[in-house]
Amino acid sequence: MSEALSVVEQILDDHERIHAEFQTLGQVSGDVEAAAVLGSDTTTKDYFVPKSLDDQGQGLMHWKQLLQSIDSGLKAHFHKEETALSEAFNREGTPELQAALQQLLSEHDEINKRIAKLLKDADDIASGGAKIEVWEGKGWGMKINIDRLRQDIESHAERERELLGRMKNHLHKR
C-alpha cells in the first residue's frame, strides 16, 4: 500500500470515530432522565438537558469533557489532513483533486470556531450555578448548535469521503 493510500485510509477511519463521538454527545445533550424530572410531556430530542437537576453540574461537566475530547480529536484529524493528506494529494494527486482538498480544508477554521463557542457557552452555564433560567436558555441554544455542527461536520466528512474515494481510484489506476 502506498503512503498516500495509507493516509487516505487513516482519515476515513478517523471519520468513523468522530461520528461515534458526536452520537454520544447528542445523547448526553438530551438526557432523558433529566427531562423527565422537568416533567416534560414532549419528546426530549428538542431539549438540551446536560445535567440532572440534582447532580451538581456533573452532567454538564461530562458534556463539556466529551466536547473537549471531540475538539482535540478534530484538531488532530484536521492537522493530519492539512499536513500528511495535503502532502499526499500534492505529491500523487491531480490538480483537480488538490483544489478540491484545499476547498474542504478551508472549512476547518469555521468548525473550530463553532466548537470554541460551544465550550464557552458551557462555561457560561456552569458559572450561572443552578439558575435554571441561565442553563435552560443557553442550553437550548447549545443543543441547536451542537445538532447543526454535527450535521455540518457529517456533510463535510461526506464530501471528504467522496474526494478520498476519488483519490483512492486515482492511486489504484497508477
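Rule-based calculations on the coordinates, nothing more; no lab input. This one's a predicted model, so the numbers in the text were calculated from it and none came from an experiment. Cβ: placed from backbone, ideal geometry, glycine included. Neighbour counts: every protein chain shown.
Calculate one ³J(HN,Hα) per residue across the range 87-102 by plugging θ = phi - 60° into the Karplus curve 6.51 cos²θ - 1.76 cosθ + 1.60, and present them in order as whole Hz with x for glycine and proline.
Rounded to whole hertz, the list is 4, 5, 5, 5, 7, 10, x, 8, x, 5, 5, 4, 5, 5, 5, 4.
Report the local net charge at A100: Lys and Arg +1, Asp and Glu -1, summed over other residues whose C-beta lies under 15 Å from its C-beta. Numbers along the way, then the final one.
Details: positive: R159, R161, R166, K168; negative: E81, E82, E92, E96, E107, E158, E160, E162.
In short, -4.
Relative to the present Cα-Cα distance, how much length would full extension add between D109 and S2 at 0.36 nm per residue of separation? Mind dumping the intermediate values first?
Details: separation 107, 0.36 × 107 = 38.52 nm, distance 2.95 nm.
Contour length minus Cα-Cα distance gives 35.6 nm.
Is there a pair in K80/K120; K120/K143; K64/K143; K80/K117; K75/K168 whose C-alpha atoms are over 18 Å apart, and which pairs would that be?
Details: K80/K120 26 Å; K120/K143 14 Å; K64/K143 13 Å; K80/K117 23 Å; K75/K168 24 Å.
The answer is K80/K120; K80/K117; K75/K168.
How far apart, in nanometres, would the label points at D71 and H172 be if each is projected 7 angstrom from Cα along the Cα-to-Cβ direction?
4.0
Once both labels are modelled 7 Å past Cα along the beta-carbon direction, what's the T24-T94 spacing in nm?
4.0
Taking 0.36 nm per residue of separation and subtracting the Cα-Cα distance, what length does fully extending D124 through R17 add?
35.7 nm
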